[in-house]
Structure formats: C-alpha cells, structure tokens
Amino acid sequence: QLQLVESGGGLVQPGGSLRLSCEVSVRVTSADPMGWYRQAPGKERELVALVSSGAQPQYADFVKGRFTLSRDNAKNAVYLQMNNLKPEDTAVYYCYADIKRHRFAARQDWWGQGTQVTVAS
C-alpha cells in the first residue's frame, strides 16, 4: 500500500535541532517534487520546502538559513534538517509528494500522516 512514511518529530528547546524523514513506502515510477508543508493550530497549511529532482530546493522565507532539504532519489525519500528552531516553528509537519505510480497512471498528490514538532523551553 502506498504511503508517505514520516519520522523524526518531537519536542525540542528553542535553538535546538530536529531531522524529519519521509519515504515513499512502495516502488513508484516517480515522486517529484517532494517536500514538506506545515500547519500550526488555527492557521492554514503552508509550504516549508520543496525539491524537484535535479533542481535546488525551494524554501519559505521563514526557514531560509535554518532548514535544509535533501532527497535520495533511489529511495524516493526526503530529509528536512531543522536547526535553530524557534517557538513559531511549532506545527504539524506534513510530507508531500507528487507521485506517478506507474507508466500509465496519472500524477497525484500524496500526503503523509503528519508529525508534530514542538519548540518550547
């Protein structure tokens, strides 16, 4: 069954670091782009970072210089290294992928189940 399997959330103090991981659970023709969104309580879901194969990652202004997105094309996986975390980074983080399951399939948006990141002292 196709899923985006996420891991790595948790509680961290301001200034700390966390690393989120996301991997497509089954073999697919393509998962491109891949990245992360987040949603804080009472707010809309927003883009954090997104990467297409062969291109440089795109970042939201509020994470530039603090977060780094990387991908493993062989695994259809992405990793978000989050440094210098701030309380305003507290949110549920969702992995995203635009997936083509097989050669004749249409592309579809897929989301992970979400992982909580809490930044508090």
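The values are calculated or read from the model by the stated rules, or taken from the named source; none is laboratory data. Computed from a prediction, not measured in an experiment: that's the story for all the values here. Methodologically, a virtual Cβ is constructed for each residue, glycine included, from the backbone with ideal geometry; neighbour enumeration extends over all protein chains shown. Surface areas here come from the heavy atoms of the whole protein model, side chains and all, with no ligands, DNA or RNA. Shrake-Rupley method; radii C 1.70, N 1.55, O 1.52, S 1.80 Å.
Taking the listed residues SER70, SER53, SER21, the one that is among the polar types (S, T, N, Q) and assigned to a loop (DSSP other than H, G, I, E, B) is SER53, with no other qualifying. The single condition among (1) within 13 Å of the chain's Cα centre (by Cα); (2) open to solvent by less than 20 Å² (accessible area, probe 1.4 Å) that TYR94 does not satisfy is (2). All conditions in (1) free of Cβ contacts under 8 Å to residues at least 24 places away in the same chain; (2) among the aromatic types (Phe, Trp, Tyr); (3) within 19 Å of VAL5 (Cβ to Cβ) hold for TRP110, with the sole exception of (1).
Residues that are assigned to a strand (DSSP E or B), in contact with a Phe, Trp or Tyr (Cβ under 9 Å, 6 or more places away or on another chain) and not hydrophobic (A, V, I, L, M, F, W, C) within the range 56-67 comprise just one, TYR59.
Listed here are the residues, each with its yes/no results for (1) without any contact (Cβ under 8 Å) to a residue 40 or more places away in the chain; (2) outside any loop (DSSP other than H, G, I, E, B); (3) closer than 14 Å to ASP98 by Cβ.
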{"position": "VAL5", "(1), (2), (3)": "no, yes, no"}
{"position": "LEU11", "(1), (2), (3)": "no, yes, no"}
{"position": "GLY16", "(1), (2), (3)": "no, no, no"}
{"position": "TRP36", "(1), (2), (3)": "no, yes, yes"}
{"position": "LEU47", "(1), (2), (3)": "yes, yes, yes"}
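Of the residues in the range 74-90, at least one is in a loop (DSSP other than H, G, I, E, B), open to solvent by 30 Å² or more (accessible area, probe 1.4 Å) and at pLDDT below 95. Residues in the range 19-60 that are in contact with a helix residue (DSSP H, G or I) (Cβ under 9 Å, 6 or more places away or on another chain) and surrounded by 13 or more Cβ atoms within 10 Å (Cβ to Cβ): 4 in all.
Somewhere in the range 19-35, is a residue among the aliphatic types (A, V, I, L, M), farther than 23 Å from THR118 by Cα and touching a Pro at 6+ places or on another chain (Cβ under 9 Å)? Among the residues of the range 19-35, not one is among the aliphatic types (A, V, I, L, M), farther than 23 Å from THR118 by Cα and touching a Pro at 6+ places or on another chain (Cβ under 9 Å), which makes the answer no.
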